[in-house]
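Novice: Starting off with a structure, shown below.
Please treat every number below as a calculation from the coordinates, not as lab data. As the structure is a computational prediction, the values presented were derived from the model and not from experiment. Neighbour counts are summed over all protein chains in view; Cβ atoms, including those assigned to glycine, are modelled from backbone coordinates with ideal geometry.
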Amino acid sequence: MTARKILVTGGSGFIGSALVKRLVREGHNVRVLDDNSRGAPRRLASFESDIEFIGGDVRDPQAVDAAMKGVDEVHHLAFVNGTEFFYSAPELVLDVGVKGMVNVLDACKKHNVRSLILASSSEVYQTPPNIPTDESAPLIVPDPLNPRYSYGAGKIISEIMAINYGRKFFDRVLIFRPHNVYGPDMGFEHVVPQFALRLKAAQAAHPSGPLPFAIQGSGEETRSFCFVDDLVEGVIVMRARGEHLGIYHVGTTEEVSVADLARRMARHIGRDLDLKTGPKLEGSTARRCPDISKLAGLGYKPRVPLAQGLAPTIDWYWTHEDLAPRR
């Protein structure tokens with residue numbers, strides 16, 4: 001595709017910054033809108049001279065309007081991610097998610113930006129009816145009183161708005177649903193970085209023998225983890241060949257239990273675990289594994305298996321433990 005002026009909201013976030021770098025490498029003129037409340041300038045430091053950065057909150061309609069001027073295409077990724085925040089700040093999750101979506105659509109209409117790519121989530125269908133799960137799975141909020149569903153509900157609203165505005169005001173709307181994306185510098189509110197730092201602390205406290213290690217749930221709960229480079233490749237494939245109003249799962253089909261994930265991470269440091277199971281968070285899903293055949297039909301093929309992606313991720317968190325937020 002020819003070079004375009006592209007706005008990426010949430011572009012200093014984990015996925016956003018990886019996407020920004022790829023778009024720049026492909027020759028596009030990239031503008032980023034982010035207030036760095038969840039993002040970090042360090043993620044884009046090596047590309048600082050190659051992008052235009054606008055500091056602003058996606059909830060601020062004037063900031064979004066200013067960022068949208070002169071743009072050909074927008075990738076909307078700004079959202080509050082991290083399971084920890086779903087429970088502790090559900091009102092913030094919804095405020096950013098819903099207001100941000102409204103502001104992006106309004107600004108696109110005003111400035112005649114007719115191409116939109118939206119980052120959604122596997123959380124939109126919460127407990128999937130089938131494994132592997134394809135894009136036709138029904139979108140549900142099982143319990144509006146459970147704060148966890150603030151994230152999934154915000155993503156459902158965003159998808160529905162993008163699709164229905166897309167019928168009238170856009171030439172091309174594409175939606176991708178990432179599945180458990182991980183990698184170095186992904187934040188500290190997710191299972192992989194939390195396990196990495198807990199393993200480091202456990203090793204320091206127990207120089208020999210199996211490491212005592214507590215996990216939520218029975219350990220049999222499963223996820224399919226997708227390395228960030230594979231996620232970005234999936235977005236690029238979708239962008240090049242996806243159909244208008246198309247929804248695409250991006251991830252891998254390598255399903256692994258939480259207990260096995262912990263053991264694999266411990267093996268990276270040459271240790272065994274003494275796993276201690278416990279209650280799981282209310283609303284947590286027992287299994288998650290995407291059917292990626294729709295995107296694979298366009299040419300997508302994940303290339304980084306979990307065994308390969310975990311090593312640099314663990315090493316990054318052990319090296320950068322000082323960046324973790326202080327409680």
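Novice: Per-residue HN-Hα couplings for the range 63-71, Karplus 6.51 cos²θ - 1.76 cosθ + 1.60 at θ = phi - 60°, whole Hz, x for Gly and Pro?
Specialist: Values, residue by residue: 5, 5, 4, 5, 5, 7, 5, x, 8 Hz.
Novice: To make sure I understand, if each residue's beta carbon is the centre and we count other beta carbons within 10 Å, what order do Leu197, Leu77, Leu116 fall in, fewest to most?
Specialist: The most exposed by this proxy come first: Leu197, Leu116, Leu77.
Novice: Taking the chain as the reference, fit the longest principal axis to its C-alpha atoms, fit the long axis of helix 258-268 to the helix C-alpha atoms, and give the angle between the two in degrees, 0 to 90, nearest 10.
Specialist: 80 degrees
Novice: Under unit Cβ charges (Lys, Arg +1; Asp, Glu -1), what dipole magnitude, rounded to 20 debye, does the range 227-315 have relative to its Cα centre?
Specialist: 60 debye
Novice: Still on this structure, I have one more. Can you give the calculated 222 nm mean residue ellipticity of the chain, where each DSSP H run of n ≥ 4 adds -39,500 (n - 2.57) and the sum is split over every residue, rounded to the nearest 500 deg cm²/dmol?
Specialist: Working: 10 runs with 127 residues, N = 327.
Result for the chain, helices only: -12000 deg cm²/dmol.
Novice: Using the crude model of +1 on Lys and Arg Cβ and -1 on Asp and Glu Cβ, and no other charge, please compute the dipole size for the chain relative to its Cα centre, in debye to 20.
Specialist: Charge dipole, the chain, about its Cα centre: 360 debye, nearest 20.
Novice: Tilt of helix 228-241 relative to the longest C-alpha principal axis of the chain, in degrees (0 to 90, nearest 10)?
Specialist: That helix lies at roughly 30 degrees to the long axis.
Novice: For Val32, what residues show an amide H to amide H distance below 5 Å, using hydrogens built from the backbone and excluding near sequence neighbours?
Specialist: Distant-sequence amide H within range of Val32: Val8, Glu52, Phe53, Ile54.
Novice: Continuing with the same structure: Relative contact order of the chain: what whole-number percent is it, with Cα pairs under 8 angstrom and at least 6 residues apart?
Specialist: Relative contact order of the chain: 17 percent.
Novice: Also: What is the sum of charges, Lys and Arg at +1 and Asp and Glu at -1, for the other residues whose Cβ falls under 9 Å from the Cβ of Pro212?
Specialist: 0
Novice: Next question, about the same structure. Sort Arg172, Arg25 by Cβ crowding within 10 Å, fewest neighbours at the top.
Specialist: Ranking Arg172, Arg25 by Cβ neighbours within 10 Å, fewest first, gives Arg25, Arg172.
Novice: Next question. Which pairs break 31 Å Cα to Cα here: Lys155/Lys276; Lys155/Lys200; Lys69/Lys301; Lys69/Lys294; Lys110/Lys155?
Specialist: Where the Cα-Cα span goes over 31 Å, the pairs concerned are Lys155/Lys276; Lys155/Lys200; Lys69/Lys301; Lys69/Lys294.
Novice: Would you work out the relative contact order for the range 233-313, in percent, from Cα pairs under 8 angstrom that are 6 or more residues apart? Walk me through the numbers on the way to the answer.
Specialist: On the way: 53 pairs, mean separation 42.8, N = 81.
Taking the mean separation of contacting Cα pairs over the length of the range 233-313, I get 53 percent.
Novice: Still on this structure, I have one more. Search the structure for amide H atoms under 5 Å from the amide H of Val250, placed 1.01 Å from N in the peptide plane, and list their residues when 5 or more places away or on another chain.
Specialist: For Val250, the qualifying residues are Arg177, His179.
Novice: Please enumerate, by chain and number, the aspartates and glutamates with C-alpha under 13 Å from the C-alpha of Lys21, excluding those fewer than 8 residues away in the same chain.
Specialist: Glu48, Asp50, Glu52, Asp229, Glu233
Novice: Also, quick follow-up: Provide the percentage of antiparallel DSSP beta bridges, counting only those with both residues in the chain; round to the nearest 5. Walk me through the intermediate numbers first.
Specialist: Details: 4 of 38 bridges.
Roughly 10 percent of the beta bridges in the chain run antiparallel, per DSSP.
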